[in-house]
1. So, with +1 on the Cβ of K and R and -1 on the Cβ of D and E, and no other charges, what is the size of the charge dipole of the range 158-294 about its Cα centre, to the nearest 20 debye?
2. How far apart, in nanometres, would the label points at Ile199 and Val57 be if each is projected 7 angstrom from Cα along the Cα-to-Cβ direction?
3. Filter the GluC sites (Glu not before Pro) in the range 58-151 down to the DSSP loop ones having no more than 12 other Cβ atoms within 10 Å, then list what survives.
4. What whole number of Å gives the distance from the Cα centroid of the range 53-124 to the Cα centroid of the range 137-210?
5. Measure of size requested: the Rg and Dmax of the chain, with Cα atoms as the atom set and Å as the unit; please supply both.
6. Send over a whole-number figure in Å² for the accessible area per residue of the range 136-210, probe 1.4 Å.
7. Run the dipole for the range 49-188 about the Cα centre, Lys and Arg Cβ at +1, Asp and Glu Cβ at -1, nothing else charged, and hand back the magnitude in debye, nearest 20.
8. Sorted by mean Cβ packing within 10 Å, highest first, what order do the peptides 36-46, 114-124, 50-60 take?
Amino acid sequence: MTAPTTTEKQPSGPAPSPGPAPARPARRRSPERAARLRRAGLRLVALVVLLALWQLVTTLELWSPLLVPPPSAVWDALVATSGTHEGVRGYQGHTLIEHLGVSLRRIAIGAGAGVLAGLVAGVLMGTLPWVRVVFEPAVAFLRTLPPLAYFSLLIIWFGIDEAPKLWLLAIAAMPPVAVATASAVASAPASLVEAARAIGARRSQVVASVVLPSALPEILIGVRLAFGIAYSSVVAAETVNGLPGIGGLIRDAQRYNQSDVVVLGLLAIGVSGLLIDALLRGAENRLAPWRRLS
């Protein structure tokens with residue numbers, strides 16, 4: 001007698017899928033990476049075209065090399081001002097990076113003080129109506145003044161050392177931050193402000209916890225504008241006793257018709273300005289990441 005055999009029932013239907021592939025998150029990021037590569041490539045092509053046009057203009061001699069120096073002359077000026085050659089160190093005893101570093105230090109101190117003053121003034125103007133009525137005309141008046149208009153007065157007051165340069169940069173940087181901060185603070189969501197007051201928050205707590213976070217993106221835009229204005233004013237700030245300094249280098253080279261050094265100084269200001277703006281953009285993305293999602 002044989003024992004009955006049992007047969008296992010085989011599952012019917014297709015085999016279960018193995019699940020999502022682990023490479024899918026990378027696929028989601030690929031369009032963003034491709035967009036960044038396209039932007040970088042487009043900027044590189046634009047830079048190459050600009051350099052080619054510059055070289056073409058100088059090769060055809062449409063203008064005198066004294067007016068439009070060729071790229072090779074600017075490169076030679078970069079090499080000459082970046083070290084010691086034939087016993088001459090840089091330009092007027094300082095290398096190009098030293099000139100740029102002195103100007104950046106002035107901008108950091110002067111524009112930094114202006115940004116802090118603008119933040120305080122903007123918060124007060126945005127939260128206290130009487131402060132806005134009193135100080136808004138003065139801020140608007142300072143914003144319309146070109147830096148050279150009051151630099152002579154600052155020299156009379158503070159002499160020709162560092163003080164008038166720092167004051168000029170601070171005065172130039174303060175109005176855009178004050179205006180942006182006051183506008184952003186005044187337009188804070190009323191519902192959030194009332195909700196904070198309803199749970200017993202004091203005025204200072206409302207400003208610190210509700211008003212300033214909602215106004216942060218616009219404040220950071222004002223800070224970027226302030227540093228841009230301060231950087232564009234550095235040449236004016238260094239017209240008097242500006243050596244060492246990148247603005248002083250440009251002004252001194254202009255006196256001797258050294259257009260290659262002038263162009264080199266302008267390129268140094270532009271490139272370092274782009275780097276500063278990129279750093280401020282990175283700070284904006286980190287401190288206000290929701291702005292990119294809006």
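1. Dipole size: approximately 540 debye.
2. 6.0 nm
3. Passing both the DSSP loop test and the Cβ count: Glu61, Glu86.
4. Spelled out, the Cα-based centre of one part sits 29 Å from the other.
5. Taking only Cα atoms of the chain, I get Rg and Dmax of 29.3, 123 Å.
6. Details: 4150 Å² over 75 residues.
Each residue of the range 136-210 exposes 55 Å² on average to a 1.4 Å probe.
7. Magnitude of the dipole: close to 440 debye.
8. Top of the packing list down: 114-124, 50-60, 36-46.
The values are calculated or read from the model by the stated rules, or taken from the named source; none is laboratory data. Note that the structure is predicted; figures quoted are calculated from it, not measured. Cβ coordinates were reconstructed from backbone atoms using ideal geometry, including for glycine residues, and neighbour counts include every protein chain displayed. The accessibility values were calculated without ligands, DNA or RNA, using every heavy atom of the protein model including side chains. Shrake-Rupley method; radii C 1.70, N 1.55, O 1.52, S 1.80 Å.
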